[in-house]
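Take a look at the structure set out below.
The values are calculated or read from the model by the stated rules, or taken from the named source; none is laboratory data. None of the values given here were measured: they were computed from a predicted structure. Here the Cβ positions follow ideal geometry from the backbone for every residue, glycine too, while neighbour counts run over all protein chains shown. Only protein heavy atoms, including side chains, enter the accessible area calculation; ligands, DNA and RNA are left aside. Shrake-Rupley method; radii C 1.70, N 1.55, O 1.52, S 1.80 Å.
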Amino acid sequence: MRAAPASAPPPCGEAAKRQLLLNLVKLRYGDTPNFVSLNQLVAGYTLEGRLSLGGDFNRDALVFGQNFDVGVGGTYSDRPTVTYSPLRGTDFAELMLKPIAPNSLLAVILAGNSPEAVLGLGVHAINGLNNWSRRPGGFLPERREFNQVLHLLSGVNDDGRLQLRFESNAGGVDAYLETRRSDGALADSRYGELIQLLGLDPTQGRYRVEFGMGDGAGDEIKIQTRSLIETLRELASRISVPESDIAGGRTYPSPPSVRGDGAEAEIAVQHQRLEPWDAFVEIHYDDDWFWIRNDDFQSKATFTMLMLLFDLAAPGGEPRPPTITIPAG
């Protein structure tokens, strides 16, 4: 295995994108993911100036000649120091192994992402309706009603009628799906079918969204979410890899999509031996370059959605003492 040529660390945003893509590729190959957090960025500047004088001097006559030179110069350098900490122990478990909070998924939807993409990627089941998995050893076969639920949610979301509410309480934030207007009528006719599919009480009109397995009560929507590592493995299964790597047993065959409606969270990661020249993000792994094309909006949107999920799921609190310091210049 050969690493890419050493170079100065990229800007923080680019480094985060490359870290995420590298770990997706690692999971596709059964490798161990590693994540680091940026703890500190210290700017260091150096400014130097030079002044030089030169000319001809006649020592006998004690006069200067006609050739007289003046030189002015200087140098400026920007040498920041970037401090990283690897995620280990409880920090790693909290970020990667803990199920994503349903509130975080709903927040990503409100940020402009499709419910079919967000919930289809980050959820095992909704009120007992199972999602399908494309990764090896995935979840139970999906129920057709699960896709109908996602389709209905996306429909009212596209029309600007998805009514999600967040309310603060002593222990955090509660999320609700509201299906009725202030006059008591359904906010959208599709909500009626949605209520029936989820087994909700149609007289409520306001349903609390929370983490859980199985069917919820008449006024509850229970969502069994995936963890970030499960979500990454799900997305990693959709990465294109060289056929020779599959034949050689280094990774598993790419599973087909059973839905085929274009609503899944798709990501097209290209691969080749030579470094790409116009990539949204690229990484070098095991003698191959993997990248997302800059003109592939769907893959870029999915990747950005995953980045947003990472930011929402990141553990809070004070960072641990830094263990790796890399001068960036």
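Ignoring ligands and nucleic acids, what accessible area does His151 show with a 1.4 Å probe (Å², nearest 10)?
120 Å²
Compute the distance in nm between two label points, each set 7 Å from the Cα along the Cα-to-Cβ direction, one at Gln270 and one at Ser254.
Inter-label distance under the simple model: 1.3 nm.
Can you work out the FRET efficiency for the pair Ala170 and Ala15, with r the C-beta to C-beta distance and R0 = 41 Å, to the nearest 0.05?
0.60
Using the Cβ atoms and a cut-off under 11 Å, what net charge is assigned to the surroundings of Arg208, where Lys and Arg are +1 and Asp and Glu are -1?
Net charge around Arg208: -3.
What order do Asp183, Asp245 take when sorted by accessible area (1.4 Å probe), most exposed first?
Descending order: Asp183, Asp245.
Quick one: compute the contact order of region 155-294, relative version, from alpha carbon pairs under 8 angstrom and 6+ residues apart, as a percent.
12 percent
Using a 1.4 angstrom probe and counting only protein chains, how large is the accessible area of Phe280 in Å², to 10?
40 Å²
Only Lys, Arg, Asp and Glu count, each charged at its Cβ (+1, +1, -1, -1), so figure out the dipole size of region 154-300 about its Cα centre, rounded to 20 debye.
That gives region 154-300 a dipole magnitude of about 360 debye.
Treat each spin label as a single point 7 Å out from the Cα along the C-beta direction, and report the Arg144 to Thr304 distance in nm.
Inter-label distance under the simple model: 3.6 nm.
Rolling a 1.4 angstrom probe over the protein chains, ignoring ligands and nucleic acids, what is the accessible area of Tyr176 in square angstrom, nearest 10?
Counting only protein heavy atoms, the figure is 40 Å².
Using the per-residue mean of other Cβ atoms lying within 10 Å as a proxy for protection, in what order, highest first, do the peptides 194-204, 161-171 fall?
Peptide ranking by packing, descending: 194-204, 161-171.
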